[in-house]
1. Taking every DSSP beta bridge that has both residues in the chain, what percent is antiparallel when rounded to the nearest 5?
2. Could you run the Karplus curve 6.51 cos²θ - 1.76 cosθ + 1.60 with θ = phi - 60° over the range 16-32 and give me ³J(HN,Hα) per residue in whole Hz, x for Gly and Pro?
3. Along its three principal axes, how long is the chain when you only count alpha carbons? Whole Å, largest extent first please.
4. For residue 98 and residue 53, compute 0.36 nm times the residue count separating them, minus their Cα-Cα distance, and round to one decimal in nm.
5. Could you put 67, 154 in order, starting from the residue whose Cβ has the fewest other Cβ atoms within 10 Å?
6. Calculate the spin-label point distance for residue 77 paired with residue 28, positioning each point 7 Å from the Cα along the beta-carbon direction, and give it in nanometres.
7. With +1 on each Lys and Arg Cβ and -1 on each Asp and Glu Cβ, and nothing else charged, work out how big the dipole of the range 107-219 is about its Cα centre, in Debye to the nearest 20.
8. Taking 1 over the mean of 1/r across every pair of different Cα atoms in the range 84-168, what Kirkwood radius in Å do you get?
Amino acid sequence: MYSEAPMIEPINAWGSPLFVAANPDHEFLKQDLLDYIYNYQQQQEQAVASEVAVTAKHQLFESKLCFLEAENPTIMELRRMLEELISAVATEVNAPYWPEGAEGDATIIESWFHVTRNGGYHDVHSHPNCSWCGIYYLDPGECELGSRNGVNRFYDPRINADHYGDPGTAYLGEQGFWDFEPVEGQIVIFPSYLKHSALPYFGDKDRVIVAFNSVIDLC
């Protein structure tokens, strides 16, 4: 007499949640933001005004890390929307671990823009000293997933996940990375430990994004 098959309980350990949302006011905010960014860029004394990881960036302009702190109505509205979005993400992910009824309150502590020109890229990196990060695709230019033109690449944080491959490891993915196509008006939010890069971008139009780092409190 054979016993019944054992009950199997799945445990999803060490997941890396990412979130994608569309800015509902993108068309309303876009041109004012682009005008502000290009005016700011013209006044920069150096391409990478933040002076952070300068050698990892090529053919791109980066602001100082306080872009969303500007006393500009359009930028203030963008910051408000982004902090609400991050708060919702943090609340959803952490609800099982927080006191009942608690909600997240996000504060953007660093923010900057990139204007990437033809041939530009940003080498692999992560964002220390923060909780959640994000990229807002203000104008992706000619980015395209099929040719990997200007896409953001996120790398598997499980260091040895690709050390062996057979049919039993198909669930891990085959390359150890995930490519995200920049789409105008979209925002991707991800945990700060995820290494990522912006692959080389080729196009006549600029690739323009706003990026940000945040911390979370409970309210």
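A short reminder: the numbers here are calculations on the coordinates, not readings from a lab. Quick caveat, the model's predicted, so the values are computed rather than measured. Here the Cβ positions follow ideal geometry from the backbone for every residue, glycine too, while neighbour counts run over all protein chains shown.
1. That works out to approximately 95 percent antiparallel.
2. Residue by residue, the range 16-32 yields 10, x, 10, 10, 10, 9, 9, 6, x, 9, 4, 4, 6, 8, 3, 5, 4 Hz.
3. Principal-axis extents of the Cα atoms in the chain, largest first: 81, 43, 30 Å.
4. 12.7 nm
5. Fewest-to-most Cβ neighbours within 10 Å comes out as 154, 67.
6. Label at residue 28, label at residue 77, 0.5 nm between them.
7. On the way: 7 positive and 15 negative charges, 41 e Å.
Roughly 200 debye, rounded to the nearest 20.
8. Mean inverse Cα-Cα distance, inverted, gives 16.8 Å.
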